[in-house]
Amino acid sequence: MASKIAARLEELGIALPAAPAPAANYVPYVLSGGMLYVSGQISQDEAGLITGKLGAELDTAEGARAARRCGLSLLAQAQAALGDLDRVARVVKLVGFVNSVPGYTDQPKVVNGCSDLMVEVFGDAGRHARSAVSAGSLPLGVAVEIEAIFEVA
């Protein structure tokens with residue numbers, strides 16, 4: 001029998017990317033005490049890194065698309081850690097960092113790109129606590145980086 005979440009991803013037309021390898025001295029995720037902590041995932045797609053500053057090179061809609069790509073990588077890491085996304089009992093928290101110019105204030109709208117994805121995939125179990133903060137720069141010049149905490153069944 002196919003996984004419920006795998007079927008939901010297929011219904012949404014979503015194919016998860018390969019789980020990105022860590023770029024430095026850390027692990028992509030830690031499973032501890034019924035919680036899965038996924039390291040920050042940077043904005044990238046099939047063409048490569050999604051770079052730029054919100055409020056300069058990128059607008060809010062482009063930032064939200066970049067955040068959605070971070071969410072896909074978060075799901076890929078969770079899949080790698082758990083073997084089956086049906087083991088995710090709840091998305092507990094997202095922490096989003098938005099590479100933005102001084103005075104840019106739509107960080108929450110940008111991180112909604114990831115938040116909306118979690119609710120699309122997991123329904124009410126995808127609703128989560130969240131932070132959405134500005135960063136003066138991010139690794140490799142990416143537009144967005146998001147980390148996640150999942151409760152595991």
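A short reminder: the numbers here are calculations on the coordinates, not readings from a lab. Model, not experiment: these values are computed from the prediction. No Cβ is skipped: glycine too gets one built from the backbone with ideal geometry, and neighbour counts run over all protein chains shown.
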Completion exercise
Kirkwood calc, the range 70-122, C-alpha pairs only, radius in angstrom 12.4
Completion exercise
The size of the Cβ-based charge dipole (Lys, Arg +1; Asp, Glu -1) of the range 19-127 about the Cα centre, to the nearest 20 debye, is 300
Handout entry: Relative contact order computed over the range 1-144 (Cα-Cα under 8 Å; 6+ residues apart), in percent
Key = 30
Problem - Binned Cα-Cα distances of the chain, short to long, each 5 Å bin given as a whole percent - result: 2, 10, 21, 23, 20, 14, 7, 2, 0, 0, 0
Handout entry: Options Ala76, Ala132, Val119, ranked by Cα towards positive dipole end of the range 69-153, top entry (Cβ charges)
Key = Ala132
Handout entry: Which of Gly34, Gly55, Ala15, positive extreme of dipole for the chain (C-beta unit charges)
Key = Gly34
Exercise for the section: Please identify, among Gly83, Gly55, Gly103, the residue showing maximal mean-square fluctuation in a Gaussian network model of the chain using a 10 angstrom Cα cutoff. Expected result: Gly103
Practice task
Give me the lysines in straight-line cross-link reach of Lys109: C-alpha distance below 27 Å, same-chain residues under 8 apart excluded.
Solution key: Lys53, Lys93
Practice task
Can you check what the net charge comes to around Leu117, using other residues whose Cβ is under 13 Å from the Cβ of Leu117 (Lys, Arg +1; Asp, Glu -1)?
Solution key: +4
Practice task
Find the eigenvalues of the gyration tensor of the Cα atoms of the range 1-75, then list the square roots of 5 times those eigenvalues as equivalent ellipsoid semi-axes, largest first, in whole angstrom.
Solution key: 24, 19, 11
